[in-house]
1. Look through 461, 509, 501 and report the one residue that is closer than 21 Å to residue 549 by Cα and of a type in the set (A, V, I, L, M).
2. Of the numbered conditions (1) in a helix (DSSP H, G or I); (2) surrounded by fewer than 17 Cβ atoms within 10 Å (Cβ to Cβ); (3) among the charged types (D, E, K, R), residue 65 fails exactly one; give the number of that condition.
3. Restricting to the range 432-446, count the residues that are in a helix (DSSP H, G or I) and over 18 Å from the mean Cα position of the chain (by Cα).
4. For the range 194-216, give me each residue that is without any contact (Cβ under 8 Å) to a residue 24 or more places away in the chain and not in a loop (DSSP other than H, G, I, E, B).
5. When you scan the range 618-625, do you find a residue that is among the polar types (S, T, N, Q), part of a helix (DSSP H, G or I), at pLDDT 75 or above and open to solvent by 50 Å² or more (accessible area, probe 1.4 Å), even just one?
6. Within the range 473-514, which residues are aliphatic (A, V, I, L, M), closer than 16 Å to residue 442 by Cα and buried (at least 18 other Cβ atoms within 10 Å of the Cβ)?
7. Can you run down the residue pairs with Cβ atoms below 7 Å, 6 or more apart or on separate chains, where the first is in the range 226-250 and among the acidic types (Asp, Glu) and at pLDDT 90 or above and the partner is surrounded by 21 or more Cβ atoms within 10 Å (Cβ to Cβ) and in a strand (DSSP E or B)?
8. Residue by residue through the range 576-616, note down the ones that are among the hydroxyl-bearing types (Ser, Thr, Tyr) and within 30 Å of the chain's Cα centre (by Cα).
Amino acid sequence: MPLNVLLLFLVVYPAIAAGLLLLVRSDSFRGVFVPVSAALVAAGSIAVAVLFALGGGKPVALSFECEAIDVVLALVDALIAISIAVIAGRGHKPWIVLLAIIQLALLAVNELAVAPRASVFTPIYVDTLSVIMALVIGIIGTGITVYAIGYMRDFQRHADSDRRHVFFAVMWIFLTGMYLIVFSNNLAWLFCGWEITTVCSFLLIGYTRTEEATRNAFRQIWMNLLGGLAFACANIVSGLFGIGELTQLIALGQLSPTVVTTFVVTLLGFAAITKAAQMPFHTWLLGAMVAPTPTSALLHSSTMVKAGCFLLIKLAPACGLNIPGIMLMLVGGFTFMMTSIMAITQSNAKRVLAYSTIANLGLIVACAGIGSPLATWAAIFLLIFHAAAKSLLFLCVGTAEHHIGSRNIEDMDSLFSRMPRLSRFMVIGMLVMFIAPFGMLISKWAAFQAFIDSYNIGLVLMLAFGSAATFFFWAKWIGKVSASARSEVSVEQGVHASEWLAITLMAVLAIACTLLFPLISYFVVDPYLGVSTGVGLDNLWLLSALALVVVAVMVGISGRPSGKGRTLPVYLSGVSLDGDDRVFSDSMQQPLEATQRNWYMEGVFSEEKLRRVGQVVGTFILLWGVVAALTFMMGIGGGL
């Protein structure tokens, strides 16, 4: 099948699937249609990767007449802006209505006055990064929709009305928006996909229609509308100077940077920062936790936030020691350090995952800001490992919450006894996220080397302190999950097959990425960068072998006694009253239960105080970047 047909299928089919899921409300239909559609889209993404590899891994630029598509996507943009204005008006949010109206006006200006001047010869452009993102969307993104089948059945038991048809429809139209982003070279098309993901995120976060969900959904929409306005302004400025393609903008910014490309890249960087939930916009991603777990997994791991990272990695060659590069370095590095520290104080598992997501995205943003080949290498692998491991962890937490009745880490005592299979998957996800020999830590090490090579001591210190905090909160959680305080009855029997399928898929992907790390680096990422990054293949193979040993040990742990040999009673210093329940006699001869609890240091690292500091510093950096770029473009700032 020709590559252009596959690309069209990946963009259009999820939208068709969304329409069918919206119209056909039968649960039995969803139970069959969603897995089949997921398999088709995943197969399509893999087929694109295979055809791309057979073509030598060279970028593919497709040229064709696209006036009709331009009109359709412009109408979609306008419909999104109008819909947001109407919804915000009903919700009594006048400032959001104003932002939507401004965006609609900018769209009209661009479409009627600017777009005809912009040169677009190749509206579709597929390179290695596009293929990597297509695989992430097609395998991980659709896997999450399969997980949602069983999860939403349990979730529905506590809901007043059955709106699952809306939930699944929005998830699938989300995938269309993501594919449009990663394959589009036309900046106007890319913007349309950008806004589709924004409005879908709003609908998913506010799905339950509770007061908290509605409040958090509106917070997400106004923050991302600011990014949308920056993107729209970037399209207008670039269009005025005849630039309508992303590749053209990157080439000009890299080879012969001008005041125009500097300003446009800064605006696009601002838009990406809002989408990637960096300070001061990180609170919208924290608010997304009120939504059902599939939403959290979709937004945090494979789609919404990765759109911002994807754009920044593409723009990395145009960054470095310039205004957009410095802005991205500072925002990303500062966000990584602050949110890693803030995660220490959290006992809510989903909140820990949210802060960890924001922190890792910050590291990717900082690497993109540096723009060197090694920094870009690190950013790509951080994106890959984060997508697989974090989706695995979100799905595990969602399933655990349904079966133990809590998402609090302190309630995960004896999880190895209560949910032995799930707990092993959860531990694997955490190992991939923070410890050698797994790939995330190796990618962080490459980022550390890139920071040193850039002679930016501030970034080096941010990474050092943030990494220390990262080890602290992951080690606390993994210790809690892996400790078996007592033998309890397993509650895994009620986990749906669709949940196990998706969780197993994510675990296999996380492990496979680690084991195949050397091959991905040598055959995929290095050719994309055009240079050898100097990362030793021998060392990567050694780490992969060690990771295989660790995984084999984890899989071999049963989580419960085998029935062979002796099972010794709990000792508790010789004063045990009930070993199974960990009750012993204290110094006053009174029964006391032995418990274990992590130290969260709430008084040391106040989340509220750190949030305020982050918002002030993040806002200052972004304002500096935009003002400096605007001043530079107007010829006032000289060498700013």
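The values are calculated or read from the model by the stated rules, or taken from the named source; none is laboratory data. Since the model is a prediction, treat every value here as computed from it, not as a measurement. Quick reminder, even Gly has a Cβ in these numbers, built from the backbone with ideal geometry, and neighbours come from all protein chains shown. Ligands, DNA and RNA are stripped out before the accessible areas are found, and what is left, the full protein with its side chains, is counted by its heavy atoms. Shrake-Rupley method; radii C 1.70, N 1.55, O 1.52, S 1.80 Å.
1. Result: 509 is the single residue among 461, 509, 501 that is closer than 21 Å to residue 549 by Cα and of a type in the set (A, V, I, L, M).
2. Failed condition: (1).
3. Count: 3.
4. 211, the sole residue that qualifies.
5. Yes, the range 618-625 contains at least one residue that is among the polar types (S, T, N, Q), part of a helix (DSSP H, G or I), at pLDDT 75 or above and open to solvent by 50 Å² or more (accessible area, probe 1.4 Å).
6. Correct list: 510, 511.
7. Cβ pairs passing all conditions: 245/186.
8. 600, 606, listed by residue number.
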